[in-house]
Amino acid sequence: MRIIIAGDGKVGRILTQKLSMEGHDLTLIDQDQSVLDVSMERFDVMAVQGNCASMQVLIHAGIRKADLLIAVTGADEINLLCAMTAHGINPDVHTIARIRNPEYNEQIYNMRSLFGLSLIVNPEYQAAREISRLLKYPGFLKRDTFAKGRVEIVELKVEEGSKLCNMPICSLNHTLKTKVIVCAVRRDGQTSIPDGNYILKQGDRIYVTAATNDLTLLLKNLGIITNKVKRVIICGGGRISYYLADDLQKSGMHVEIIEKDSDRCVELANRLPDVDVVKGDGSSQLLLDSMGVENTDALVAMTTLDEMNMIISLYGKSCGVKQVVTKVAHLENNSMMDSLSIGSVICAKELCCNNIVTYVRAMQNKSGAALAIHAIADGEAEALEFVVDEKVRNTGVPLKELKFKKNVRIVSIRHMGKGVEFPTGESVMKKGDAVIIVSGGDNQIRQINDIFL
């Protein structure tokens, strides 16, 4: 497809990398020519220097023949004007705009057709929702939901003394007394799609598929004791913190935000009257101790510096905080973060880009497109949900008789009216089923048929 990306910042760069790998014809627009030069050196893309909200610049970038415009500059207003102008020039173009200001949420959603928007993305709001889910249902490092909430892929770490240490995957269900599938393992910075003979080791991060109703039993049988989160300390008062605090306090949690900037403290206090806002440095051990960090149920590190967030999270873990969440701006240092005890790691930009890539794939494959796509194992594998239609090959054939591409696995089949099955070699796919597929390596899975040799 012909795609124009307006804004070559961090989100624009991640999108360029992901979409260029999938073979799309990309044109970038940015005010800074030096930034565009770096992207043109790294990726096979065209670039136009200028104001992306300008009609002349958009025409020069090829908006009349474009299939999709993605506006991800740093200014909401520019993104809106860019999308409106693009839609005015080419009424058939799909438009995606990043809108981050909480004040615009309701009006943008209600007036999206007037603005010519096909999709609105808000990285901070999406990240806050992800963190909120983790805090409301503690025990896992990450949770991704499929099959209309019936199936989840959860991330766990094999800790010292865990029942999982030195256990072959084939013995897992007998030990845990519940049906699960280990669909990916991350060890020493490398991700693999394991078979039954794979032996789990201390420090492994494993990605487990299970029925949502079985998650509590899974934690219980692993000996992981979880208590409802009642008190949360958030270090940093940015947009994600605002969205998160608003959601958590509505759920009955006691929330405290630590923020350095006086004006931002006043703004947060006015917007969130039921949240305690403390002026101070969230990385200060003295301040955290004075607030009783050792007695809090959850600590969320949300400052603007990744390194500072990691230090805060490490200190929280050392104080015995059960639930720790660390926000990072980028995931380039995966191996380093794997070795640190910093709890759940959230990257708002990655979540936003994965949402956009899902939309792009749905445009490209209007029939047979994935219902949901989630990046797992720090983006080195994908979990995709598809519906089996008449175009899918090998329906009705037992899985043990099929030949699949390397690093591809079917981890769940939801049969119409019959619930969820975690497949064995005897399982079959039928028309109307919803299947969840995990894919690693260099595989590009856009439709179910892409998994077969």
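Listed values, structure above:
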| quantity | calculated |
| --- | --- |
| Flag if Leu305 is at pLDDT 95 or above and either within 18 Å of Ala128 (Cα to Cα) or out of contact with any Phe, Trp or Tyr (no Cβ under 7 Å at 6 or more places or on another chain) (or both) | no |
| Top-ranked residue in the stretch 90-103 [being of a type outside the set (Asp, Glu) and surrounded by fewer than 15 Cβ atoms within 10 Å (Cβ to Cβ); ranked as farthest from Tyr359 (Cα to Cα)] | Asn101 |
| Filter result for Val411 (closer than 14 Å to Ile451 by Cα and among the aliphatic types (A, V, I, L, M)) | yes |
| Any chance Asp30 is over 30 Å from Asn443 (Cα atoms) and either touching a Ser or Thr at 6+ places or on another chain (Cβ under 9 Å) or not assigned by TED's automatic domain parsing to the domain that holds Arg239 (or both) | yes |
| Pairs, first under 23 Å from Asp246 (Cβ atoms) in the stretch 268-292, second surrounded by fewer than 16 Cβ atoms within 10 Å (Cβ to Cβ) and hydroxyl-bearing (Ser, Thr, Tyr), C-beta under 7 Å, six or more apart | Lys279/Ser262 |
| Residue that is under 20 Å from the mean Cα position of the chain (by Cα) and not assigned by TED's automatic domain parsing to the domain that holds Gly419, where the choices are Val93, Val158, Val151 | Val151 |
| Long-range neighbours under 8 Å by Cβ, at least six apart or interchain, first residue in contact (Cβ under 8 Å) with a residue 40 or more places away in the chain within the stretch 389-407, second among the β-branched types (Val, Ile, Thr) and in a loop (DSSP other than H, G, I, E, B) | Asn407/Ile193 |
| Exclusive hit being assigned to a loop (DSSP other than H, G, I, E, B) and on the phi < 0 side of the Ramachandran plot, set Glu130, Glu159 | Glu159 |
| Residue among Glu155, Glu106, Glu124 that alone is surrounded by fewer than 17 Cβ atoms within 10 Å (Cβ to Cβ) and acidic (Asp, Glu) | Glu106 |
| Sole residue being in contact with a strand residue (DSSP E or B) (Cβ under 9 Å, 6 or more places away or on another chain), loosely packed, with under 15 Cβ neighbours inside 10 Å and either farther than 21 Å from Asn354 by Cβ or without any contact (Cβ under 8 Å) to a residue 40 or more places away in the chain (or both), chosen from Asp25, Asp32, Asp8, Asp76 | Asp32 |
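The values are calculated or read from the model by the stated rules, or taken from the named source; none is laboratory data. Nothing here was measured: the structure is a model prediction, and the numbers come from that model. No Cβ is skipped: glycine too gets one built from the backbone with ideal geometry, and neighbour counts run over all protein chains shown.
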